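Structure first, then comments.
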Amino acid sequence: MLAFPDGFLFGAATAAHQVEGGCLDNHWSEWEHQPGTIRDGSTADVACDHYRRFRDDFALASSLGQNAQRISIEWARIEPEEGRFDRREIDHYREVLDSIRENGMEPLPTLHHFTHPSWVAADGGWENPRIVDRLARYAEHASRELGDRTSFWWTINEPMVAPALCYLMGIHPPCVRDISRALPVSRHVLLAHGAMYRAIHGATSHRPKVGPVLQMPFIDAHDPSSEEDRAAAAQQDFLFNQYYLEGLRHGIVAPPVGGGEEIPGLAGSYDVIGLNYYARMLVSGRGDMAHPAGGAHGDGDGDGDGATASEGMRLRRPDEPSEFDDQMGWEVWPRGLREQLLRLSSFGVPLYVTENGMATRDERARCRHLLAHLAEVHAAIRGGADVRGFLYWTLLDNFEWAEGYTRTFGLIEIDRARDLERKPREAARLYGEIARRGGIDEETLRKFEVAAG
Ligand code: GCO
């Protein structure tokens, strides 16, 4: 039996824009309403209608055996105009957090998950340094109003995605491809995290656990014997992963983003760290590998219409065929989850896998993927990492950003032809059993032909 520590959280993660429906006043909504932006021409106008059905969704997740739920709070709902906070929406999220608790689950809310209000976007979005204070003010308000309902706050989901996908690869709005504009964004996301961390602790007296959610692909040389590939991989890893780790640990803005200057209050701005892990990214020294971002979200389906940086995700080592064929075209490599958890363990705070999952219609593959990754979490714990929870991405099939509804990541299927009917998948049942038992038994590993890690 792979037993997890007592109190380990087994839950799922969601993000407001992807599930709620009716998030109309943010920059994503504006963008997706323009023709040709979303693969299937869809919008998140309805999404999963989770804004109205959240109670049923949490009851279902809980009945399946889960004991935690990561959500996000939609900034544009809380602060629809600069400095005007909407009481009703605060009340809504109070009900949401209460409902998670009433269903016996631990709530883990994120304050910024990719979307910001249209008024922020109109004033430069991530490029305007004022976003740092704006996010801090929002964090302060939300944590003051909602803080008695949660023991956790995640600040920004995947700080690296804004510079990489929005300003370098140009596949998320505002779809810019310009490194001179991406670098200041890398600076602002880091500073915003630190400012939010301080704002939350300043606004609340009950000492919530506050941290960032980092997406850390495992970046490696395509050909380990090539010096060129190794150097390219190290450069990518620095810009995509290590830059943020240096910032958090030492409070500096490292080159090439800054000049190594120290930002007061940034060092040590984490009580917990969230890790989103999906894939390995093999990097070759040939080609345009100067991108400070990987293709962790790139269109990896090989049809040539995606971003150039997603090429990295498509490289494979011929002698290491991938066991998992996901709909995103990523190189699924479970071992990388253990490696990144061990890398983060030197920060000395509790770690949470805040996202991991697979887009597929092959349910046996989803179950195997889940077991293989949980086994790696277990191995990381054995290796000394203080991992306290795992949040599957995601609870419900949802609006997968530029991919629309074409990617099925959910533990629960959403039947869009039948009034968004919820249908738990086999992996949801398997996951629930693991959560109830607090571990994975050998018979299950054998049945799904997964090694113990
Ligand atoms: C992210 C997110 C999710 C995605 C998920 C699958 O990593 O982009 O946090 O919003 O939907 O990762 O791509």
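All of the numbers you see were taken from the coordinates with simple rules; none came from a lab. Since the model is a prediction, treat every value here as computed from it, not as a measurement. As a convention, Cβ positions derive from the backbone with ideal geometry for all residues, glycine included, and neighbour counts pool all protein chains shown.
Pick out, from Ala3, Leu214, Gln242, the residue whose Cα sits farthest towards the positive end of the charge dipole of the chain, with +1 on the Cβ of Lys and Arg and -1 on the Cβ of Asp and Glu.
In the chain, that residue is Ala3.
Given a Förster distance of 22 angstrom, what is the FRET efficiency for Arg317 paired with Thr406, based on the Cβ-Cβ distance and rounded to 0.05?
0.20
Which of Ala47, Leu64, Ala12 sits closest to the plus end of the dipole of segment 5-122, meaning its Cα is farthest towards the positive end, when Lys and Arg get +1 and Asp and Glu get -1 on the C-beta?
After comparing all options, I get Leu64.
So how compact is the chain: Cα radius of gyration and Dmax in angstrom?
20.3, 59
Using the Cα centre as the reference, give the magnitude of the dipole from point charges on the C-beta atoms of the chain (Lys, Arg: +1; Asp, Glu: -1; all else neutral), rounded to the nearest 20 debye.
Value, rounded to 20: 1060 debye.
If you take the beta carbon distance between Gln242 and Arg149 as r and set R0 to 41 Å, what does 1/(1 + (r/R0)^6) give as a FRET efficiency, to the nearest 0.05?
0.75
Before anything else, pin down the relative contact order of segment 2-447: Cα pairs under 8 Å, at least 6 apart, normalised by residue count, whole percent. Working shown, then result.
Details: 977 pairs, mean separation 80.0, N = 446.
Relative contact order, segment 2-447: 18 percent.
For labels at Asp98 and Glu228 in the simple 7 Å Cα→Cβ model, what's the distance in nm?
6.3
Taking 0.36 nm per intervening residue step and subtracting the Cα-Cα distance, what contour gain separates Glu30 from Glu363 on full extension?
Going from the current span to full extension adds 116.4 nm.
What does the helix-only formula give at 222 nm for the chain: each DSSP H stretch with n ≥ 4 adding -39500 (n - 2.57), the total divided by the residues, and the result rounded to the nearest 500 deg cm²/dmol?
Rounded to the nearest 500, it is -11000 deg cm²/dmol.
Measure off 7 Å from each Cα along the Cα-to-Cβ vector at Asp325 and Asp45, then give the distance between these two points in nanometres to one decimal.
Placing both labels 7 Å along Cα→Cβ, they lie 3.6 nm apart.
Applying a 10 Å radius around every beta-carbon, put 188-201, 216-229 in order of their mean neighbour count, most first.
Values: 188-201: 24.2, 216-229: 18.8.
Top to bottom by mean Cβ count within 10 Å: 188-201, 216-229.
Over the Cα atoms of segment 1-80, what is the Rg over Rh ratio if Rh follows Kirkwood?
Ratio of gyration radius to Kirkwood radius for segment 1-80: 1.10.
Could you give the length gained on full extension between Lys423 and Arg207, defined as 0.36 nm per residue of separation minus the Cα-Cα distance, in nm? Intermediate values should be presented prior to the final figure.
Working: separation 216, 0.36 × 216 = 77.76 nm, distance 3.81 nm.
Roughly 74.0 nm would be gained on extension.
Treat every Asp and Glu Cβ in segment 133-214 as -1 and every Lys and Arg Cβ as +1, leave all other atoms uncharged, and give the resulting dipole magnitude about the Cα centre to the nearest 20 debye.
Around 100 debye, computed over segment 133-214.
Could you check the spin-label model distance between Arg88 and Glu449? Points 7 Å from the Cα along Cα→Cβ, value in nm.
In this crude spin-label approximation the distance works out to 5.5 nm.
For the charge dipole of the chain, defined by +1 on Lys and Arg C-beta atoms and -1 on Asp and Glu C-beta atoms about the Cα centroid, which residue among Trp31, Leu344, Ala359 has the Cα displaced farthest towards the positive pole?
The Cα lying farthest towards the positive end belongs to Leu344.
Full extension from Asp123 to Asp56: what is 0.36 nm times the residue separation minus their Cα-Cα distance, to one decimal in nm?
Roughly 20.3 nm would be gained on extension.
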